[in-house]
2 protein chains.
Amino acid sequence: MVHPVSPLAPKSYPDLPEIGGVRFATAEAGIRYKGRTDVLLAVFDPETVVAGVLTRSKCPSAAIEWCRDKLAGGKARALVVNSGNANAFTGIKGRESVALTAQIAAKAVGCREDEVFLASTGVIGEPLDARKFEGVLDRLAGALVASPWMEPAKAIMTTDTFPKLATASVEIDGVEIQISGIAKGSGMIAPDMATMLSFVFTDMPIAAPVLQTLLAKHNQTSFNAITVDSDTSTSDTLLAFATGKAQGIDAIVSLDDPRAETFGAALGDVLFDLAMQVVRDGEGATKFVSVTVTGATSDKSADTIARAIADSPLVKTAIAGEDANWGRIVMAVGKAGEPADRDKLRIAFGDIVVARAGERSPDYSEEAASAYMKGEELEISVDLGLGDGTATIYTCDLTHGYIDINGSYRS
Amino acid sequence: MVHPVSPLAPKSYPDLPEIGGVRFATAEAGIRYKGRTDVLLAVFDPETVVAGVLTRSKCPSAAIEWCRDKLAGGKARALVVNSGNANAFTGIKGRESVALTAQIAAKAVGCREDEVFLASTGVIGEPLDARKFEGVLDRLAGALVASPWMEPAKAIMTTDTFPKLATASVEIDGVEIQISGIAKGSGMIAPDMATMLSFVFTDMPIAAPVLQTLLAKHNQTSFNAITVDSDTSTSDTLLAFATGKAQGIDAIVSLDDPRAETFGAALGDVLFDLAMQVVRDGEGATKFVSVTVTGATSDKSADTIARAIADSPLVKTAIAGEDANWGRIVMAVGKAGEPADRDKLRIAFGDIVVARAGERSPDYSEEAASAYMKGEELEISVDLGLGDGTATIYTCDLTHGYIDINGSYRS
C-alpha cells in the first residue's frame, strides 16, 4: 500500500554537503520491496570514531545487540542498513544473519568485522537471509560516492512518506565543520533511546567518548522527546560517525574542551531537525503538536505529564477533529499519576488560555479556540503551578490515516 | 452523532429482579441530550450500607470528591446520577453544584445530605447548573418503582451503544440473595480504581467495611482489568449498595465469616459481567480481546506487560485489520520495561503458537493464524518463561469507528 506524502512534510529538502571521509552507495536487493532501493552501504576512512544510542526494548533486534557490543570499540569503517525486514525476534538465525552480513561487508570494504555497524528496519519476526547481501555489498563497495545524500535517505525508508535529511555547519577554530544526518521513522515511534533509525556524519575530529556523551545528551531533547503512537521499536538506532577529516583543527578529546559545547549544539540542531521530521511523518498525521508542561515538581514529572497528554488517544483524536477539547487535557494530566492540583492548572492552546484555577477561563471563547485548532502547527501548554519542572514533547494527531496504515494486513 | 450498536453487544439483556429496599426513577432533564432520559434517582431504605471505589485521577470531578468524603459514613439513602455533563474541572462552581444537588435530593427523599451519593458523566469543563434538578428530583421521588432496571441503565449512558446490566443470585444460609448492577462506559476506559460509572445493588445484610473490602478485591479483576484506550476518566465511580432486606439471614460483619467469600464471589461475577460489557462497547470496537501473560517474575510485572500489549495502538490496529502481526506483540513486550528474555518468549493466538524460543514457531502457519484472527473473540497469550506471575487484561481493537466517535467536534 502506498500512502500519500504527509501534509506536514517539508516543502523542500536541504542540500547536504559532502562529508570528508564518508562515501556511500545504495542498491535494490529486493529484501521485501520491489522497484526501490533497500540497502545502504556507507564506508568511512580509517580512524573514524562512532557513538550511538540504542533502543532499551527488552526484545531488541539482532542488529541492536551487534551494535551495542561493537560500540565499545569506538571505531567504525562501514555501516550497512537494510529496510523491509527488521531481523528482530529471529532467534539464532538472526544472530547468524548479522554475523554473516558483517563478514560480507568487512570483506567487501577491507576492514575488520567489528568495525562494521548494522541496522535493519521493517517487519519483525521474518528471518533475514544475509546471503542476499553477498553480491550486493561487493558491487556497492565498488560504486561509492560522496553525494547526493538523498539516495541513502530514501534507501532506509519503510512507511515513511518522505526522506528525512538535515545538516548544520559550525565554525570551530576558524574551520567550518559539517554535520549531516538522515533518519527514517513514521510509526512505532516513542523512542526510549533513539528513533527508529538515524545516522549522523561529521568531519569533526573528536574522541569517541566525547561524541558519545554529546550524542546521548542531545538525543534527550530530540529523538527522546517525540512520540507518534507511544509504541517503542525493537530496532531504535541512532549512530554518529566522526571521520576527523576536517583539516587544521585539533581533536576534541575532553568534555572540558569548550569546543565540545559548540560542536554539541550544532549536533543537537541536526538531531532536533531530524526528530521533528519523524513527527511530521507520523503515520496519518495532519497536525504537528508541541506539548509543553511547566510548573511541575520536577523535569521528570513534567516529562511524564507531557507524554500522558501527547500519547492520549482521546487528546490526539480531538486534535484531528480540530476540537478545542481541553477537558481531555485535564483527563490526561489527571491520569499521569504525577503531582497535580486541579485548582492550580492553567491550560492554553497557543496564546489562548482556555482554563485556569481549576475551571474554564472566564474569558474563554470557543470561537477563538476553534479557529486556532484549524491550524497545522499547534502548541498545547499546561502550567501546573507547583514548581520549576518543565518538559516539551512533540507529537502529531491520530487520524483515520493511522488506522489505514496499521490496520491493513502486515504493513 | 448517533453510532450504531456495537457488533459485540450482548444478543439479549438479563431480566434483573427487584431488590428489596431499592426503588428508582428516571427523567429527561435536558442537561445535554434531547429526547432521552439523563437523570437517575435511586432511593434506598434506611440502614442501607454503601461501599465504593473511585478514580485515582489527580483531577477528579466534584462528585468524586463528594463521594470520597461521604463513603466514610458507610450509609446511603439516595443516589443521583446525571449523564451529559461530568461536572469535572468546574472549580468552585462544581463544588457548589454538587452540594446543591445533594441538598435538593435530601429534601426530596427525606434524608440527610451526607446520605446522598452523586455521579456525573459527560463533557468535562462545562459548569453543571444544579437548579435543573430542583423540580426534577421532587417529581422523581414521587414516582419510584422497583423495576424495570432497563430504565436506569439507559439513563446513565453517554457514548454507550447499549445499556449494561448484570445480575447474580447466591444462596446463603438457605436464603436467595440478589445482586444486580448497571454500568456505563465506552471510551476513556482504563480504570484505575473503577470504570466510568457502575452501581451495584444487593439485599444482602452486610457491614459496610466488609462490603468495601469485597468490592475493592473483585474490582481488581473486573473493572481494573479492562482498557479501551488507556485513558483514565476523571469520574470513574463504582458504588455498591446493600439494603440488608433479605429476610431470615444474619448480617456478614467480618471478613472471617466464610459467607463473605461466597457473597464476594457472586458480587465479583456481577462486576466482571459488567466490565466485559464495557469492553464490548469500546468505542469503535469490532473484536473482543483477552490478553493473558504468564511466566512473569510477578503478577504486577505480568499486569504491566499485558497492559502494554492491550494498550498498544499498533497491536490494536493489527487486530482490527485481522492481521496475525505477532511482531507487534514482541514490540509491546519489549517496550513494557519489565523483565523479559526474548529467547524464552512464547506467543499464541488462541491455540496457535506463533512464536517460541525467540523466533517464529517452526510449524507456524500464516493461513491458520489469519483464519483465527477473523473471529470476533480473540485470545492472545504470552508466556515469558521466567516465573509464576500472571495477569489477564481485556480490551478491544482500534478502528476507524474510534476516530469517528472521538475525532468529531466535542463528542
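Dividing the mean sequence gap of close Cα pairs (under 8 Å, 6+ apart) by how many residues chain B holds gives a relative contact order of 17 percent. The alpha-carbon of B:Lys245 sits under 17 angstrom from the alpha-carbons of these lysines, leaving out residues fewer than 8 places away in its chain: B:Lys75.
When DSSP beta bridges are restricted to pairs lying wholly in the protein assembly as shown, around 70% turn out antiparallel. The simple spin-label model puts a point 7 Å past each Cα toward its Cβ; for B:Glu134 and B:Tyr13 those points are separated by 3.3 nm.
Dipole magnitude for the range B:22-280: about 800 debye, using +1 per Lys or Arg Cβ and -1 per Asp or Glu Cβ, origin at the Cα centre. Using a probe of 1.4 Å, the accessible surface attributed to A:Leu197 totals some 0 Å² when neighbouring protein chains are kept in position. Calculated mean residue ellipticity, 222 nm, chain B: -9500 deg cm²/dmol, from DSSP H runs (n ≥ 4) at -39500 (n - 2.57) each, averaged per residue and rounded to 500. Annotation: amide H of B:Ser298 within the under-5 Å range of B:Gly389, sequence separation 5 or more or interchain, hydrogens built in the peptide plane. When nucleic acids and ligands are ignored and a 1.4 Å probe is applied, B:Val145 ends up with an accessible area of around 60 Å². Multiplying the residue separation of A:Asp363 and A:Met150 by 0.36 nm and removing their Cα-Cα distance gives an extension gain of 71.7 nm.
Spacing of the modelled spin labels on B:Glu377 and A:Asp173, each 7 Å from Cα toward Cβ, amounts to 7.2 nm. Between copies, A:Gly110 shows label-point distances of 10.2 nm, shortest first, with the point placed 7 angstrom from Cα along Cα to C-beta. The 1.4 Å probe gives accessible areas that order A:Asp129, B:Asp160, largest first, as A:Asp129, B:Asp160. Inter-copy label distances at A:Lys374, shortest first and taken from points set 7 Å along Cα to Cβ: 4.6 nm.
Shape verdict for the range A:288-406, please, from the Cα gyration tensor: rounded (a/c under 1.5), prolate (a/b greater than b/c) or oblate. Since a/c reaches 1.5 but b/c is at least a/b, the shape of the range A:288-406 is classed as oblate. Carbon and sulfur atoms: what percent of the 1.4 Å accessible area of the range A:1-97 do they account for? Carbon-and-sulfur percentage of accessible area, whole number: 51.
For A:Val123, nonlocal amide neighbours, meaning residues 5 or more places apart or on other chains whose placed amide H falls under 5 Å from its own, are A:Gly84, A:Asn85, A:Ala86. When accessible surface is computed with a 1.4 Å probe, chains B and A are found to bury approximately 5400 Å² between them, both chains counted. Pairs exceeding a 30 Å alpha-carbon distance, out of A:Lys184/B:Lys335; A:Lys70/A:Lys164; A:Lys164/A:Lys217; A:Lys70/A:Lys217: none at all.
In nanometres and ascending order, the distances from the A:Asp250 label point to those of the other copies are 9.1 (point 7 Å from Cα along Cα→Cβ). Computed from backbone phi, the HN-Hα couplings of the range A:124-129 come to 8, x, 9, x, 9, 7 Hz, rounded to whole numbers (Karplus: 6.51 cos²θ - 1.76 cosθ + 1.60, θ = phi - 60°; Gly and Pro given as x). Between B:Gln220 and B:Val5, the modelled labels are 3.6 nm apart [label points 7 Å from Cα along Cα→Cβ]. An oblate overall shape is assigned to the range A:1-117, the ratio a/c of its alpha-carbon gyration tensor axes (a ≥ b ≥ c) being 1.5 or greater and a/b not exceeding b/c.
Note on the protein assembly as shown: with charges restricted to the Cβ of Lys and Arg (+1) and Asp and Glu (-1), its dipole about the Cα centre is near 480 debye.
Here the range A:253-272 and the range A:351-369 have alpha carbon centers that stand 41 Å from each other. Comparing B:Pro313, B:Pro339, B:Pro60 in a Gaussian network model of chain B where C-alpha atoms under 10 Å apart are linked, the largest mean-square fluctuation is found at B:Pro339. Bridging of B:Lys58 to aspartates and glutamates at a Cα separation below 15 Å is possible for A:Glu338, A:Asp341, A:Asp343, A:Glu359, A:Asp383, B:Asp192, B:Asp231, B:Asp236, once same-chain residues fewer than 8 apart are set aside. Among the trypsin sites (Lys or Arg not before Pro) found in the range B:110-158, those both in a DSSP coil and sparsely packed, with 14 or fewer other Cβ atoms within 10 Å of their Cβ, are B:Arg112.
The values are calculated or read from the model by the stated rules, or taken from the named source; none is laboratory data. On a predicted model such as this, the values are computed, not experimentally measured, just so you know. Backbone-built Cβ (ideal geometry, glycine too); neighbour counts: all protein chains shown. When the accessible area is computed, the model is the full protein with side chains, heavy atoms only, and any ligands, DNA or RNA have been set aside. Shrake-Rupley method; radii C 1.70, N 1.55, O 1.52, S 1.80 Å.
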